[in-house]
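Before any comments, here is the structure.
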Amino acid sequence: MKTDINTSKNFIFKRFHRYRRNQKVRDAFAEITLSKDDLILPIFVTSGSNVSFEIKQMPGIYQMSPDRVIDYLNELIDYGLMHIILFGIPDSKDEIGKESYNASGPVPTAIRAIKDQFGSDLLVYADVCLCGYTSHGHCGIVTQDGLLDNDASLVHHSKTAVVYANAGADWVAPSGMLDGRVYAIRTALDDHGHHNVGILSYSAKFASNYYGPFRQAVETSLLFGDRKTYQIDYRTKRQPLGEINEDIRQGADAIMVKPALTYLDIISKAKEMVDVPIYAYNVSGEYALVKFGAKKGNFDERNLVLENLTAIKRAGANQILTYHTQDILKMGWL
Ligand code: PBG
Ligand code: ZN
């Protein structure tokens, strides 16, 4: 009369395969589902008109003049594009990167055109940094000894942020890893009445080897030194958390971890630690590895992309900046 559960045939071991038997059941138990509104597409804007050419190391990604950006967006919005972030390539570069706050530069021009055309249908972020605008390629002004002059550079970053906000950017995203940048930019924005423009800070940005193709995209090459004096050393794990806390203290509305795939532990820690939205940047090198690997026939590109991005979301990212956005949308991968 007594049934011994432990010896009953059905309960000797648990059959996990029941959760996986078919697509319906797998879908039912999926805990992380990627969707179109998780994605932010980076766009590289040049000056002039009717310019559009592909970046060699990033197949499928183009430098475009503002008019071509509009054509490009018109198409992608029909496929469900919701968020973009803009990077600029100026006509000329100088020691202090002053083209970054030229109100008729490529980025402000593009923002005005985008807002005219699409209004609030597109959420527009503008990356704020000097590296695309300085002749030496560093993210700020440099002193005699070749080091970043942090505090002098803050003024330029703040001016740039205000110019982008004036043009209509919804959010500004300071990526230069300068100390005090969030406070400086928040103060400048508020002084100009831009209380509703958000700050997405690239808080945990590591000195990474994965930025190679991007530097080609914005035509930056460092004339001297490297970015290790301001970007985070990847051998640390509490410093990035310190940077995140500090940026929030200074007024960041959202924070970013960058790159994404090799820093999932940081994303996950940040998610436990803070209550602001967390962004992750699936950077150019991560994109290039997938693209070239798929071109060689090593992977099914769709499946690889969805696995990578789902992993980033599973780690805790609320929003993902990724160059794969256009393929995902156009080919209906989601
Ligand atoms: C620089 C900046 C970088 C990226 C965005 N802004 C990298 C760098 O050169 O330090 C990288 C983006 C990518 O690799 O996709 N402020
Ligand atoms: Zn920079």
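Derivation of every value follows stated rules applied to the coordinates shown; laboratory data play no part. Predicted model, so just to flag it, every value in this text is computed and none were measured. Here Cβ is always computed from backbone atoms with ideal geometry, including for glycine, and neighbour counts include all displayed protein chains.
Looking at segment 34-105, which chymotrypsin sites (Phe, Trp or Tyr not before Pro) are DSSP coil and have at most 15 other C-beta atoms within 10 Å of their C-beta?
For chymotrypsin sites (Phe, Trp or Tyr not before Pro) across segment 34-105 that sit outside H, G, I, E and B with at most 15 neighbouring Cβ atoms in 10 Å, the list reads 79.
Return 171, 333 ranked ascending by Cβ neighbour count within 10 Å, so the fewest neighbours appear first.
333, 171
Rounded to the nearest angstrom and ordered from largest down, what semi-axes does the equivalent ellipsoid of segment 177-334 get from its C-alpha gyration tensor (root of 5λ)?
For segment 177-334, the ellipsoid semi-axes come out as 28, 19, 16 Å.
In degrees between 0 and 90, to the nearest 10, how far off the longest principal axis of the chain does helix 239-250 point, with axes built from Cα atoms?
Relative to the chain, helix 239-250 is tipped by roughly 60 degrees.
Let me know the longest stretch in the chain that avoids all trypsin sites (Lys or Arg not before Pro) found in a DSSP loop with at most 16 other C-beta atoms within 10 Å. Write out the running numbers ahead of the final one.
Numbers: sites that count: 2, 14, 15, 20, 21, 56, 235, 237, 238, 296.
Answer from the scan: 57-234.
When the convex hull of the C-alpha atoms of segment 34-330 is computed, what volume per residue in Å³ does it have?
On the way: hull volume 35.8 nm³, N = 297.
Once divided by residue count, the hull of segment 34-330 is 120 Å³.
What percent does the relative contact order of segment 141-189 come to when contacts are Cα pairs within less than 8 Å and at least six residues apart?
41 percent
Rank 74, 328, 315 by how far each Cα sits towards the positive end of the charge dipole of the chain (+1 on Lys, Arg Cβ; -1 on Asp, Glu Cβ) and give me just the farthest.
315
Does anyone have the angle between helix 284-295 and the longest principal axis of the chain? Alpha-carbon axes, 0 to 90°, nearest 10?
Result, in degrees: 60.
How much net charge surrounds residue 177 when only other residues with a Cβ under 13 Å from its Cβ are counted (Lys, Arg +1; Asp, Glu -1)?
The answer is -2.
Per DSSP helix of 4 or more residues, -39500 (n - 2.57); summed, then divided by the residues of the chain. What does that give at 222 nm, rounded to the nearest 500?
-11000 deg cm²/dmol
What percent do you get for the relative contact order of the chain when only Cα pairs under 8 Å and 6+ apart count? Provide the component values of the computation, followed by the final result.
Numbers: 624 pairs, mean separation 56.8, N = 334.
This gives 17 percent for the chain.
To make sure I understand, if each residue's beta carbon is the centre and we count other beta carbons within 10 Å, what order do 304, 41, 200 fall in, fewest to most? Can you show the working numbers first?
Details: 304 17, 41 23, 200 28.
Going from sparsest to densest Cβ surroundings: 304, 41, 200.
With unit charges on the beta carbons (Lys and Arg positive, Asp and Glu negative) and the dipole taken about the Cα centre of the chain, which residue among 160, 108, 245 sits farthest to the positive side?
Among 160, 108, 245, the one farthest towards the positive end of the dipole of the chain is 245.
Loop only per DSSP, at most 10 neighbouring Cβ atoms within 10 Å: give me the chymotrypsin sites (Phe, Trp or Tyr not before Pro) in segment 197-303, ordered by residue number.
Those satisfying the criteria are 224.
What is the order of 220, 160, fewest Cβ neighbours within 10 Å to most?
So the ranking, lowest neighbour count to highest, is 220, 160.
What do you get for the angle between helix 150-167 and the principal long axis of the chain? Use alpha-carbon atoms, 0 to 90 degrees, nearest ten.
80 degrees
Find the centroid of the Cα atoms in segment 26-80 and in segment 186-222, then give the distance between the two in whole Å.
About 18 Å separates the Cα centre of segment 26-80 from the one of segment 186-222.
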